[in-house]
Amino acid sequence: MSKKPTLLILAAGMGSRYGGLKQIEPIGPNGETILEYSIFDAIRAGFGKVVFVIRDSFAEEFKKRFENKLSDKIAVEYVYQELDKLPEGYALPEGREKPWGTGHAILMAKDVINEPFAAINADDFYGQEAFQVAADFLTSQVAEDSYSMVGYQLKNTLSEFGTVSRGICKVDSDNKLVEITERHQIARTGAQITFADDNGNTVPVAEDTPASMNFWGFHPSLFQHIESQFKAFLDEKMHLPKSEFYIPSIVFELIQSGKVKTEVLRASSPWFGVTYPEDKAYVVDQVQQLTQQGAYPEKLW
């Protein structure tokens, strides 16, 4: 496939644990945000368009920040994730306040993406190599039945300031994703990394276990799968006020049903993110170091 892939950035979440609009927190030497580094890496890896999933409530502030910077660098589009954007025949349940989740966020882009695309979180720093391996896959290997995920070693995805949730992966000998399970309350306790299971028990997990940081490579066929799965999700869980429709569960269902194989791409570039306010100083320091090493220019744009 010669068509340039698109980068879909999920930026509609308000960052409840962080306590603010962390998508536009400055972390670079000239006030650049994490997602600007993602876009910079995507451009040099060969992506041709970026689509932001945002919310109406902060659209003006968001566009003001990014439109001028990016207008002559890469094509930009915006789509909006709102609670009432549901399939025909479904109505928003009274009292629902929580967003429907990352799967619903991706679905918002179905009318503007017709090419292979990567989907990422706005507030994760994935590193240059991650975008390069993703772009290579999306331009040469992606197909209706072949997706990808960038996997990181679990030990490189933790926060010193609190627990995190991660998609813990099982991978077969062909580097295909076999299973992905959302685990919560992951933290380093002494020499071990542990998570809390459904009964609240502490379970150890190996440091080099592949973890999903929501960096996916998809064929546009995904949108049809999401639509049908989202309706099934609403039929079953719509009445539960905290139910969420996650990308990993969508992909896992496609793997289990034999409709899709998912390649786990390995990137040795550093991942870091801002889950808690205290994480920000660390991220700023890491970006400064990468800038000094020449991985990024002092001024991105």
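The values are calculated or read from the model by the stated rules, or taken from the named source; none is laboratory data. Bear in mind that the values here come from a model prediction, so they are computed numbers and not experimental data. A quick note on method: Cβ atoms are made from the backbone with ideal geometry, for glycine too, and the neighbour counts reach across all protein chains shown. Keep in mind that these areas ignore ligands, DNA and RNA; they rest on the heavy atoms of the full protein, side chains included. Shrake-Rupley method; radii C 1.70, N 1.55, O 1.52, S 1.80 Å.
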| request: Report yes if Gln229 is touching a helix residue (DSSP H, G or I) at 6+ places or on another chain (Cβ under 8 Å) and in a helix (DSSP H, G or I), otherwise no. | output: yes
| request: Tell me which residues, restricted to the stretch 208-236, are surrounded by 14 or more Cβ atoms within 10 Å (Cβ to Cβ) and within 25 Å of Ile186 (Cβ to Cβ). | output: Thr209, Pro210, Ala211, Ser212, Met213, Asn214, Phe215, Trp216, Gly217, Phe233
| query | Taking the stated definitions as given, is Leu290 open to solvent by less than 50 Å² (accessible area, probe 1.4 Å), free of Cβ contacts under 8 Å to residues at least 60 places away in the same chain and among the aliphatic types (A, V, I, L, M)? | reply | yes
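Could you tell me which residue of the stretch 151-180 is most open to solvent (accessible area, probe 1.4 Å), considering only residues that are hydroxyl-bearing (Ser, Thr, Tyr) and in contact (Cβ under 8 Å) with a residue 60 or more places away in the chain?
Applying the first criterion (hydroxyl-bearing (Ser, Thr, Tyr)) to the stretch 151-180 yields 152, 157, 159, 163, 165, 173.
Of the ones still in play, those that are also in contact (Cβ under 8 Å) with a residue 60 or more places away in the chain are 152, 157, 159.
Working: Tyr152: 7, Thr157: 0, Ser159: 23 Å².
Taking the candidates together, the pick is Ser159.
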| note | Val112 passes all but one of the listed conditions (1) under 25 Å from Lys299 (Cα atoms); (2) out of contact with any helix residue (DSSP H, G or I) (no Cβ under 9 Å at 6 or more places or on another chain); the exception is number (1)
| said: Please go through the stretch 258-301 and give me each residue that is in contact with an Asp or Glu (Cβ under 8 Å, 6 or more places away or on another chain), within 30 Å of Glu179 (Cα to Cα) and either of a type in the set (A, V, I, L, M) or at pLDDT 95 or above (or both), ordered by number. | reply: Lys259, Val260, Lys261, Ala267, Val274
| note | Lys110 vs (1) without any contact (Cβ under 8 Å) to a residue 12 or more places away in the chain; (2) part of a loop (DSSP other than H, G, I, E, B): all pass except (1)
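Let's see how each residue does on (1) under 20 Å from Val76 (Cβ atoms); (2) at pLDDT below 90; (3) among the polar types (S, T, N, Q):
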residue: Ala12; (1), (2), (3): yes, yes, no
residue: Ser16; (1), (2), (3): no, yes, yes
residue: Ile27; (1), (2), (3): no, no, no
residue: Thr33; (1), (2), (3): yes, no, yes
residue: Ile39; (1), (2), (3): yes, no, no
residue: Ala45; (1), (2), (3): yes, no, no
| task | Could you pull out the residue among Val264, Val283 that is open to solvent by less than 20 Å² (accessible area, probe 1.4 Å) and either touching a helix residue (DSSP H, G or I) at 6+ places or on another chain (Cβ under 9 Å) or part of a loop (DSSP other than H, G, I, E, B) (or both)? | result | Val283
| query | Is it the case that some residue within the stretch 126-145 is in a strand (DSSP E or B), loosely packed, with under 15 Cβ neighbours inside 10 Å and of a type outside the set (A, V, I, L, M, F, W, C)? | reply | no
| field | Enumerated helices (runs of 4 or more DSSP H) restricted to the stretch 16-107, each holding at least 2 residues that are open to solvent by 30 Å² or more (accessible area, probe 1.4 Å) | value | 34-45, 59-70
| field | Output for the stretch 81-101, where each listed residue is touching an Asp or Glu at 6+ places or on another chain (Cβ under 8 Å) and in contact (Cβ under 8 Å) with a residue 12 or more places away in the chain | value | Glu82, Leu83, Pro87, Lys98, Pro99, Trp100, Gly101
| If you go through the stretch 163-186 one residue at a time, how many are under 20 Å from the mean Cα position of the chain (by Cα) and among the small types (Gly, Ala, Ser)? | 2
